Amino acid sequence: MLRGRLGLEQARIPHADRHGLIYLERGALSVEDGCLRFIAAGSDLVVAGDYRIPHQSISLVLIGPGSTVSHDALRLLARHGTALSAIGEDGVRFYTAQPLMPDSSALARSQARAWADAKGERMAVARRMYAWRLGEVLPHRDIAVLRGIEGARVKEIYRLTAEHVGIRWNGRHYDRADPLAADLPNQALNHAASAVEAAAAVAVAATGTIPQLGFIHEDSGQSFILDIADLFRDGLTVPCAFKAALAAQKRVGDSIERLTRRSVGERLRRDSVIPAMIDRIKALFAAEVIG
């Protein structure tokens, strides 16, 4: 078995029961004698060699940079219900995933039922997410009020984290028309958020949940992905962004985007963040909804 990335190397059993993810990079994925085969050119975490991949016992193949996939490999994966996603190095970019779902629709059905009940379960799920993020169950049942409370708390998180890391913070400022006009901490926050959203997209694809059906975010086609990414904002996105901004101040010439994505990628691997996201998604719909 290949040594994995993103903290997934222990995953071995079908996705109906476990995460079952494996990361491959810099090699060719094909089929030989009815078995999935990966010939690796070699990288830091995938040693050069010829590997047989247990496609029947994993849920999702994460294919990284420098890789090719044959038509036969896609056919074999589809036949056995194993999904494949093309991602960036360390999982900080999400490019595409074939539309294969897990062998159970339970999570997607639970998500759809909760989302469709706008005045009941949809609000209850949103409150559950806010409880995880804020560390307490708030009595409020108005989404606008909850967003306001969380927004004020995020401002304080920014201030405290900047103070702890040792960077100057002048508030959150972002111009979509001119993102490079922002200062380094704000640029880093944008890049870190994008990287964490990519990891959340992998988790959503692995669980077969529906990206468009968000409970806190509503308009985006990735609303549920944004919901899941936000669960990791305080402990992952903000600290990684501000540490990258500090590094950029000391290492003139290094791209703030590269420094930030590298910072996030290290945390994704070290803390097994994608499996943690998958567990959060399962807990969100498996547990009894807050009343």
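Using 0.36 nm per residue, how much length does the chain from GLN249 to ARG159 gain when fully extended, once their Cα-Cα distance is taken away?
30.6 nm
For ILE39 and GLU266, what is the calculated FRET efficiency with R₀ set at 22 Å and r taken between the beta-carbons, to the nearest 0.05?
0.20
Which helices count as membrane-span-like in the chain under these terms: full DSSP H, at least 30 Å along the axis by C-alpha, Kyte-Doolittle mean of 0.0 or more?
143-165, 184-207
For segment 58-69, what does the Karplus curve 6.51 cos²θ - 1.76 cosθ + 1.60, with θ = phi - 60°, yield as ³J(HN,Hα) per residue in whole Hz, taken in order and with x for Gly and Pro?
Ordered by residue, 3J(HN,Hα) equals 10, 8, 8, 9, 9, 9, x, x, x, 10, 10, 10 Hz.
Counting other Cβ atoms within 10 Å of each Cβ, which trypsin sites (Lys or Arg not before Pro) in segment 221-291 have at most 15 and sit in a DSSP loop?
Those that pass, being in a loop and sparsely packed, are ARG251.
Restricting to Cα pairs below 8 Å that are 6+ residues apart, what does the relative contact order work out to for segment 106-286? Please round to a whole percent.
Across segment 106-286, relative contact order equals 25 percent.
How would you rank ARG176, ARG93, going from fewest to most other Cβ atoms within 10 Å of each one's own Cβ?
Ascending number of Cβ neighbours within 10 Å: ARG176, ARG93.
Could you pull out every one of the aspartates and glutamates with an alpha carbon less than 19 Å from that of LYS119, ignoring same-chain neighbours closer than 8 positions?
Counting by Cα, and skipping residues close in sequence, LYS119 has these aspartates and glutamates nearby: ASP142, GLU218, ASP219, ASP227, GLU288.
Taking the Cα centre of the chain as origin, work out the dipole magnitude from +1 charges on Lys and Arg Cβ and -1 charges on Asp and Glu Cβ, in debye rounded to 20.
Computed charge dipole of the chain: roughly 320 debye.
Summing -39500 (n - 2.57) over the DSSP H runs of n ≥ 4 in the chain and dividing by its residue number, what mean residue ellipticity at 222 nm do you reach, to the nearest 500 deg cm²/dmol?
-14500 deg cm²/dmol
Treat every Asp and Glu Cβ in segment 109-267 as -1 and every Lys and Arg Cβ as +1, leave all other atoms uncharged, and give the resulting dipole magnitude about the Cα centre to the nearest 20 debye.
Magnitude of the dipole: close to 280 debye.
In nm, to one decimal, how far is the modelled label at VAL145 from the one at ALA48, with both set 7 Å along Cα→Cβ?
So the two model labels end up 6.4 nm from each other.
Longest span of the chain, sites excluded, free of GluC sites (Glu not before Pro) in DSSP loop with at most 10 other C-beta atoms within 10 Å?
So the longest stretch without any such site is 137-287.
Using 0.36 nm times the number of residues separating ALA116 and ARG168, minus their current alpha carbon distance, what extension gain do you get?
Gain on extension, ALA116 to ARG168, equals 14.4 nm.
Just going by the charge dipole of the chain, with Lys and Arg at +1 and Asp and Glu at -1 on Cβ, which of PRO185, GLY20, GLY64 is farthest out on the positive end?
The listed residue farthest towards the positive side: PRO185.
Once you've got the GNM for the chain with C-alpha springs shorter than 10 Å, pick whichever of GLY148, GLY120, GLY20 has the biggest mean-square fluctuation.
Top of the fluctuation ranking is GLY148.
Please grab the % of Cα pairs in segment 79-183 that end up more than 23 Å from each other.
60 percent
Take the Cβ-Cβ distance between ASP279 and GLN98 as r, set R0 to 25 Å, and report the resulting FRET efficiency rounded to the nearest 0.05.
0.60
Could you list which residues have their amide H under 5 Å from that of ARG37, counting only those 5 or more apart in sequence or on another chain, with H placed in the peptide plane?
Distant-sequence amide H within range of ARG37: SER30, VAL31, GLU32, ILE53.
Would you list the P(r) distribution for the chain, with all Cα-Cα distances sorted into 10 Å bins from 0 and each bin expressed as a whole %?
In order of increasing distance, the bins hold 6, 27, 31, 23, 11, 1, 0 percent.
Averaging sequence separations of C-alpha pairs under 8 Å and six or more residues apart, then dividing by the length of segment 214-283, give the relative contact order as a whole percent.
Relative contact order, segment 214-283: 22 percent.
Find how much the distance from TRP132 to ASP219 grows on full extension, using 0.36 nm per residue of separation minus their present alpha carbon separation; answer in nm with one decimal.
Stretched fully, the TRP132-ASP219 segment lengthens by 29.1 nm.
Each value in this text was obtained by applying a stated rule to the coordinates, not by laboratory testing. The shown structure was predicted, so the numbers you read here are calculated from the model rather than taken from an experiment. Using ideal geometry, Cβ is built from the backbone for each residue, glycine included, and neighbour counts are taken over all protein chains shown.
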